[in-house]
Amino acid sequence: MFETLKMKLVQKKQYIPDIQNAQMRSQFRGLPVVKDNMCCACNQCVNSCPTGAISLNPLKIDLGRCTLCGQCKMMCPNGAIDFSNYYKLGADKRDKLIITSETTKEEFEKRAIQARKEIYSIFNRSIKFRQVSAGGCNGCEMELNASSNANFDMGRFGIDFVASPRHADGIVITGPITKNMAYALEDCYKSVPEPKVVVLCGTCAISGGVFQESTELNREFIDKYKIDLYIPGCPVHPLTFINAILDFIRK
Amino acid sequence: MNYYTAKNNQRINLSDIPTIDFETFKAQLEMTNLRPIGFFGADWGENIRLFAFLVDDEEGEIFISSALLDKNAKEYPSITKENHQYHIFEREFYEQFGIKPVGHPWLKPLRLNQDKHEFFEMEGEEIHQVAVGPIHAGVIEPGHFRFMCQGEKVYNLEIMLGYQHRGVEDLMVKKPSNQLAESICGDSVIAYNTAYSQVMEALSDTKVSIKAKLIRAIALEMERIAIHIGDMGAILGDIAYLMGKEVYAVTRTLVINTMLEISGSRFGRGLITFGGVNFDIDDELSEKILSVLSEVKATVEKMTKAALQSSSVMSRLEKTGVVSKETAQELNLVGLIARSCGIEIDSRFDFKDEFYQDFEKKKFSATNDAYSRFKIRYKEVIESISFVKKLLKKLEVVKDDEILVEKNDLISNSLAISIVEGWRGEVVHIALTDENGKLRRYKIKDPSFNNWWGLSMALRGNGISDFPLCNKGFDLSYAGFDL
């Protein structure tokens, strides 16, 4: 037992104190920076994109489809596309995820997630989720698990994953929603007591991602129910997830 | 014996693979001691061509044979009856082509229409069933478990998967990409992407540089280190030894954040590509990796020592979820789990490439239980750290190599196979091209494809409360199985 306790001394404090201003490593591929005036419309980025996230004239990137693989940046002969290390990528509307020349970090931060009065008054800074993996590859699932570890520790903000939908305020969906999971997902959603929120976590959940052309998907759920929050990433970084939820439940 | 003998990552002309009559084919598979790593069908005009891939782990050779079946055939005599290693391959073949292996002991689809089939049931006054899933209590992938219990004791566990089925093999034929390969099984990004890239490079005769191969090997070992450490934490978390859980989790963060510095993604997405790698490891980064790994090694050693000194940890780990060596062999278990049962297979060493032939394959004294599955992870973490150090040294010699070469077109009427030892075990990718040089069939085998049945056997005779502990020890992939 003493050996175990000694580990605590060795480890010291591991958590990130100010999670909303945490420093991200410069190599991280986050919010794309798009420069339409440098685009020569050569189509190389469009052809290299595995998910069809890029459109030309004017140059736009759909963050809801983008897997942040960085292939377009490597293909572009003029440097019209770059990726910043800005990690707060969550948005409350699907169309806010379209990145154009006008999008800057500051502007995106301001408009991406609007505070909603009812959210604050109902959940009062604490929100519990039931997570449903519907075809997720275990990438987003591992990152969501990491959000609760000693580094990110989202429990201190009142954000948690719970074991039953009955205890939850909403569901977090990962994966492109397979035919075989469609029923279980809807069942789980119905088991969450009202009022409830739906969060789509990861590129696959938002648009189908690299699986969008698969015949084994059933994405009716997305059209049928209101989606409250879109958190892009492949996989979603814990800082992206926690910050999106914090912005979502703020006053 | 009528086989074509091949090596790992080699292109083979389809016409070189013998097509023999089904009776001989079946007899060959029933008689042999060789281990199957692939058994699947492909549309072949009027027929279905049934391929079998067997390996000799000691010699590092792959034996390939095939037979034709009529497309309208309704059934064929099952091979499983004589050789149990084929039980799951035949179920998959039946599901994909609808030809029934007559005499198969438990013929249910693997991934489709699960609701319409019955479970393996036990009857008796005190017997009760426990149904778990598809949605589990934690943040994990979906799958259904059906326990047959008497009180706490589990008599049988049947595992029903398929919820994650995304039609990956078809997508791979339609629109192959590195990004898709990475997303098949998101915890084995490097292993899957390496296997895909190697298959495509073999099919197109693209020669990647030594430097690119080294960076791939380093990334693969780092993936192994990171996930093994995370799993060791998860095992301890499931027996409520929370100090271990948290310490391993934060130690894992160090490794994956270093991966982020290499590739821009914590799991190494975007690093490997058809033709080489996208990111270089320079001297500065190399120093960084070395210093992080020595820190990781010190913490893991200390934490493991502390954990294994605790009698409450040992009493839960020892003799829990035992899988005997004989069972493991009969079920054809692979990778980490096979090694924890005393079967020394490891494709890094069995199918040696230019780097691993310098490394020594160390024996592991297996105890076949949860303790064995914990201990082998520890052993492999320490080993992998020393491999990364050695690989980084080799990298200095080839500093001036290109990391990415121009890729060639795929060669028509060919087949290639790539076996990569991911952290779970062998990831097998097999691709076939048609007469126009387009992919016609893509086959993937995750180690979980074999090992889910090992988990089922591990539970027999154990208390149901030990299921989470056994499950974490195996830590199998749902997505990699369901495809």
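Take every residue in peptide A:165-175, count the Cβ atoms of other chains within 10 Å of its Cβ, and give the average of those counts.
That works out to 1 on average.
Over the whole of B:294-307, what's the average partner chain Cβ count within 10 Å per residue? Rounded to a whole number, please.
The per-residue average across the peptide is 2.
With a cut-off of 8 Å between alpha carbons and a minimum separation of six or more residues, what is the relative contact order of chain B in percent?
Once normalised by length, the contact order is 20 percent.
Over the range B:329-476, what relative contact order in percent results from Cα pairs under 8 Å that are six or more residues apart?
The normalised contact order for the range B:329-476 reaches 25 percent.
Along the charge dipole of the protein assembly as shown, pointing to its positive end and built from +1/-1 on Cβ of Lys, Arg, Asp and Glu, which listed residue (B:Ser183, A:Tyr120, B:Phe481) has its Cα farthest out?
Of the listed residues, the answer is A:Tyr120.
Relative contact order for the range A:117-248: what is it in percent, counting Cα pairs under 8 Å that are at least 6 residues apart?
Relative contact order comes out at 29 percent.
Quick one: length gained pulling B:Glu126 to B:Gln357 fully straight, 0.36 nm per residue minus the C-alpha distance?
77.6 nm
With a sphere of radius 13 Å drawn around the Cβ of A:Thr4, what net charge do the other residues whose Cβ falls strictly inside it have (Lys, Arg +1; Asp, Glu -1)?
Within the 13 Å Cβ shell, the charges total +3.
Working from the alpha-carbon coordinates of the protein assembly as shown, get Rg over Rh, Rh being the Kirkwood radius.
Result: Rg/Rh = 0.95.
Using the Karplus curve 6.51 cos²θ - 1.76 cosθ + 1.60 with θ = phi - 60°, work out ³J(HN,Hα) for each residue of the range B:74-88 in order, rounded to whole Hz, and write x for Gly and Pro.
9, 7, 8, x, 5, 8, 4, 3, 8, 10, 5, 4, 8, 4, 7
What dipole magnitude, in Debye to the nearest 20, does chain A give about its Cα centre under +1 on Lys/Arg Cβ and -1 on Asp/Glu Cβ?
620
Hey, can you rank A:39-46, A:174-181, A:188-195 by average C-beta count inside 10 Å, highest first?
Most protected by this proxy first, the peptides run A:174-181, A:39-46, A:188-195.
Please turn the phi angles of the range B:97-103 into ³J(HN,Hα) values with the Karplus equation 6.51 cos²θ - 1.76 cosθ + 1.60 (θ = phi - 60°), one per residue in order, whole Hz, x for glycine and proline.
Values, residue by residue: 10, x, 9, 8, x, 6, x Hz.
Sort B:295-305, B:141-151 for me by packing, meaning the mean count of neighbouring Cβ atoms within 10 Å per residue, highest on top.
Those peptides, ordered most packed to least, come out B:141-151, B:295-305.
Work out the mean other chain Cβ neighbour count within 10 Å for the residues of A:61-72 and drop it here as an integer.
Whole-number average of other-chain Cβ neighbours for A:61-72 is 3.
Once you have the Cα-Cα distance between B:Lys100 and B:Glu435, take 0.36 nm times their residue separation minus that, and quote the gain in nm to one decimal.
Between B:Lys100 and B:Glu435, full extension yields an extra 117.6 nm.
Please give the charge dipole size of chain B, origin at the Cα centre, charges +1 on K and R Cβ atoms and -1 on D and E Cβ atoms. Round to the nearest 20 debye.
Dipole about the Cα centre, nearest 20: 720 debye.
Using the structure shown, select from A:Lys60/B:Lys175; B:Lys207/B:Lys379; A:Lys35/A:Lys96; B:Lys74/B:Lys443 the pairs with a Cα to Cα distance greater than 26 angstrom.
From A:Lys60/B:Lys175; B:Lys207/B:Lys379; A:Lys35/A:Lys96; B:Lys74/B:Lys443, over 26 Å: B:Lys207/B:Lys379.
Are there trypsin sites (Lys or Arg not before Pro) in the range B:1-94 that DSSP marks as loop and that have at most 16 other Cβ atoms within 10 Å, and which are they?
B:Lys7, B:Lys71, B:Lys74, B:Lys81
For the range A:31-44, in order, what is each residue's ³J(HN,Hα) by Karplus, 6.51 cos²θ - 1.76 cosθ + 1.60 with θ = phi - 60°, in whole Hz (x at glycine and Pro)?
3, x, 10, 10, 10, 5, 5, 9, 7, 9, 6, 7, 6, 5
What is the set of long-range amide H partners of A:Ile127 at a cut-off below 5 Å, with H atoms built 1.01 Å from backbone N?
When sequence neighbours closer than 5 places are left aside, the close amide H contacts are A:Ile159, A:Asp160.
Calculate the FRET efficiency for B:Lys393 and A:Asn37 from the Cβ-Cβ distance with a Förster distance of 45 Å, rounded to the nearest 0.05.
Once rounded, the FRET efficiency stands at 0.45.
Compute the angle between helix A:2-11 and the longest alpha-carbon principal axis of chain A, please, reported from 0 to 90 degrees and rounded to the nearest 10.
The angle comes out near 40 degrees.
Count neighbours as other Cβ atoms within 10 Å of each site's Cβ, and list the GluC sites (Glu not before Pro) in the range A:97-165 that are DSSP loop with at most 12 such neighbours.
A:Glu102
Kirkwood Rh over Cα pairs of the range B:4-102 into Stokes-Einstein at 10 °C, 1.306 mPa s: D in µm²/s?
In µm²/s, the coefficient rounds to 115.
Just order A:147-155, B:442-450, B:354-362 by mean Cβ neighbour count inside 10 Å, highest at the front, would you?
B:442-450, A:147-155, B:354-362
Using the Cα atoms of chain A, I'd like the radius of gyration and the largest Cα-Cα distance, Dmax, both in angstrom.
That works out to 19.0, 66 Å for Rg and Dmax.
Using the Cα centre as the reference, give the magnitude of the dipole from point charges on the C-beta atoms of the range B:162-236 (Lys, Arg: +1; Asp, Glu: -1; all else neutral), rounded to the nearest 20 debye.
240
Need one number: % antiparallel among DSSP beta bridges in the protein assembly as shown, to the nearest 5.
If I count the DSSP bridges inside the protein assembly as shown, around 75 percent turn out antiparallel.
If you average 1/r over every pair of different alpha-carbon atoms in the range B:223-308 and take one over that average, what Kirkwood value in Å do you get?
After inverting the mean inverse Cα-Cα distance, the result is 13.8 Å.
May I ask for the angle, rounded to the nearest 10°, between helix A:238-248 and the longest principal axis of chain A, with both axes built from Cα atoms and the value confined to 0 to 90°?
80
FYI, it's all coordinate maths here, none of it is from the lab. Because the structure is predicted, anything quoted here is derived from the model rather than measured. Please note: Cβ atoms are built from the backbone with ideal geometry, for glycine as well, and neighbour counts cover all protein chains shown.
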